[in-house]
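Notes follow the structure.
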Amino acid sequence: MASKKELAELAVAKERLVREGELYRLSALRSKHEVVNALQPQALLHGAVDQAIGALQARLGNFIRPGGGLSSIDFKTLLPLLMTAGTWLSRRRRLAKPALAVGALVAAGVMWLIRRKSGEEN
């Protein structure tokens, strides 16, 4: 027969194993919920938009100002404003072409200012 000391040690070890098992089950359940939430359409769309914004910043940033460029622009703030303006313009068909022309002129002006500013810094 085991002594009282050995029985106490076995009880402590058993309790520790039970707690480790509970922790394992909880972590597996949490991981399952994270995967389910990550596969929601809204989360997938959010990730795709983040990837597109990163690619846009990388491509257009080097085009506008070599060595950086658009890292100072917060596209996540700007995108909803642009979508609102685009929706408003889509309802008013006769304003679409003038708005595109003004947008192109503003973009060219901003690009010119950024290049001029980067030329002065170098």
Distance-filtered residues of the range 74-101 - backbone nitrogen under 12 Å, label point 7 angstrom along Ala107 Cα→Cβ = 100-101
Karplus-derived 3J(HN,Hα) from phi for the range 17-32 (6.51 cos²θ - 1.76 cosθ + 1.60, θ = phi - 60°), whole Hz, x at Gly and Pro, runs 5, 5, 5, 5, x, 4, 5, 5, 4, 5, 5, 5, 5, 5, 4, 4
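Can you give the FRET efficiency to the nearest 0.05 for Val36 and Ser3, using r as the Cβ-Cβ distance and R₀ = 41 Å?
Working: r = 50 Å, r/R0 = 1.21.
Between Val36 and Ser3 the formula returns 0.25.
Read-outs throughout are calculated quantities, based only on the coordinates presented, and are distinct from any laboratory measurement. For clarity, every value in this text was computed on a predicted model and none was experimentally measured. Note that we place each Cβ from the backbone using ideal geometry, even for glycine, and neighbour counts take in every protein chain shown.
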